[in-house]
Amino acid sequence: LKFIFGPSTVPALDLVDQRSVTRVRSPSGRIAYQVLGSSGKLYTCYSSCHFCTCPAFGFTVLQKSESLLCKHILAVYLSQAVGACQELTVSEEQLTNILLAEEEDEG
């Protein structure tokens with residue numbers, strides 16, 4: 001894994017070990033993932049479009065193209081693979097609020 005994903009691998013595995021990944025599902029079937037980062041901040045990840053709200057994703061992946069993904073997205077994929085995701089079912093309104101809260105943090 002480290003050969004393919006580089007320096008994100010060990011921190012991502014730590015997040016999986018700490019069960020820091022939560023799959024958030026609404027009744028309509030919309031899914032987002034929340035990952036509690038090592039800094040204590042909650043990041044929202046979308047595996048369907050390969051995106052994370054963390055600064056490392058924006059800089060390292062999108063701007064500099066130095067990596068394929070950040071540790072949070074890798075933790076989502078690894079958690080899915082080993083069945084280690086926490087599960088949370090929320091209303092459509094609650095999921096919308098989660099997604100909008102990320103926009104407000106960025107703005």
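Volume per residue of the convex hull around the Cα atoms, evaluated for the chain, comes out as 99 Å³.
Available extension along the chain between Ser47 and Gln94 is 15.0 nm, counting 0.36 nm per residue and deducting the alpha carbon span. Estimated purely from DSSP H runs of n ≥ 4, each contributing -39500 (n - 2.57), the mean residue ellipticity at 222 nm for the chain is -11000 deg cm²/dmol once divided by its residues.
Relative contact order of the chain, taken over Cα pairs closer than 8 Å and 6 or more residues apart, is 32 percent. Counting only protein heavy atoms and a 1.4 Å probe, the chain has 58 square angstrom of accessible area per residue.
The values are calculated or read from the model by the stated rules, or taken from the named source; none is laboratory data. None of the values given here were measured: they were computed from a predicted structure. Surface areas here come from the heavy atoms of the whole protein model, side chains and all, with no ligands, DNA or RNA. Shrake-Rupley method; radii C 1.70, N 1.55, O 1.52, S 1.80 Å.
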